[in-house]
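See structure below.
The values are calculated or read from the model by the stated rules, or taken from the named source; none is laboratory data. Owing to the predicted nature of the structure, the values given are computational and were not obtained by experimental measurement. Every residue, glycine as well, gets a Cβ built from its backbone with ideal geometry; the counts of neighbours run over all protein chains shown.
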Amino acid sequence: MTTQIVLIDDHKLFREGVKRILDFEASFEVVAEGDDGDTAVDLVEQHDPDVVLMDINMPNMNGVEATAELISRYPELKVIVLSIHDDENYVTHALKTGAQGYLLKEMDSDALIEAIKVVSEGGSYLHPKVTHNLVAEYRRLSETAENGQSFQTIEYRKPLHLLTRRECEVLQLLADGKSNRGVAESLYISEKTVKNHVSNILQKMNVNDRTQAVVTAIKNGWVEVL
């Protein structure tokens with residue numbers, strides 16, 4: 001199955017670079033390109049893509065506005081926002097409009113490809129740096145849990161009842177905001193091995209993606225958040 005993609009960004013040079021990366025992936029096809037939110041709406045109507053890569057800062061209708069418009073019309077459409085901003089306010093605003101992914105433009109090609117694959121399969125994907133910031137904000141806002149228990153009194157314990165020791169290490173590094181490459185470098189293992197560990201973690205934790213895994217781990221005290 002080919003994942004059809006519409007690419008929206010008002011910087012032509014950046015857009016061309018992203019397209020060049022996607023063209024090397026046999027399962028991806030960029031079916032259309034545009035440079036603002038209004039064009040994005042028109043192109044989605046014309047091409048019915050699986051995924052839209054959407055720049056957040058554009059003239060006329062910006063990326064967040066365009067995402068909201070598209071999701072209201074096409075609830076099954078997958079949108080990944082591209083941004084230079086790692087502030088949690090930008091991220092949460094984009095996600096609230098219906099985006100399933102949020103990537104920083106400092107991403108590497110592996111992260112871009114992984115994000116599209118994860119989102120096209122129904123998961124969500126946040127740039128590792130964004131995940132770390134959101135976890136920190138979640139911790140700050142969760143000083144008091146719903147049952148009145150202080151968030152800080154949740155005892156940290158590795159989930160060895162569920163995961164292997166190596167998988168616990170990988171989960172901690174995901175919570176620290178590491179990409180697959182970062183995890184691989186930290187543990188001196190290959191990225192392919194990291195991907196296998198992440199896949200096992202998601203299956204054992206019964207979650208769809210690494211973001212859900214990190215949030216679940218934080219709630220249960222399975223990782224340390226500094």
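Residues checked against (1) under 26 Å from VAL215 (Cβ atoms); (2) of a type in the set (Phe, Trp, Tyr); (3) at pLDDT 90 or above:
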residue	(1), (2), (3)
THR39	no, no, yes
VAL51	yes, no, yes
ASN89	yes, no, no
GLU106	yes, no, no
PRO128	yes, no, no
Within the range 57-76, is even one residue farther than 24 Å from VAL130 by Cα and touching a residue at least 40 places away in the same chain (Cβ under 8 Å)? yes
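Could you count how many residues in the range 109-133 are assigned to a helix (DSSP H, G or I), of a type outside the set (Lys, Arg) and under 21 Å from ASP87 (Cα atoms)? Lay out the reasoning, then the answer.
Of the residues in the range 109-133, the ones assigned to a helix (DSSP H, G or I) are 109-120, 128-133.
The next check asks that each one be of a type outside the set (Lys, Arg); those that pass are 109-116, 118-120, 128, 130-133.
Restricting the remaining residues to those that are under 21 Å from ASP87 (Cα atoms) gives 111-112, 115, 128, 130-133.
So the answer is 8.
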If you go through the range 206-226, how many residues are under 17 Å from GLY122 (Cα atoms) and outside any helix (DSSP H, G or I)? 4
Go over the candidates LEU187, LEU226 one by one and state the one that is over 18 Å from the mean Cα position of the chain (by Cα), of a type in the set (A, V, I, L, M, F, W, C) and modelled with pLDDT under 85. LEU226
I'd like to know if the range 172-180 contains one or more residues that are surrounded by fewer than 16 Cβ atoms within 10 Å (Cβ to Cβ) and either out of contact with any Phe, Trp or Tyr (no Cβ under 9 Å at 6 or more places or on another chain) or modelled with pLDDT of 90 or more (or both). no
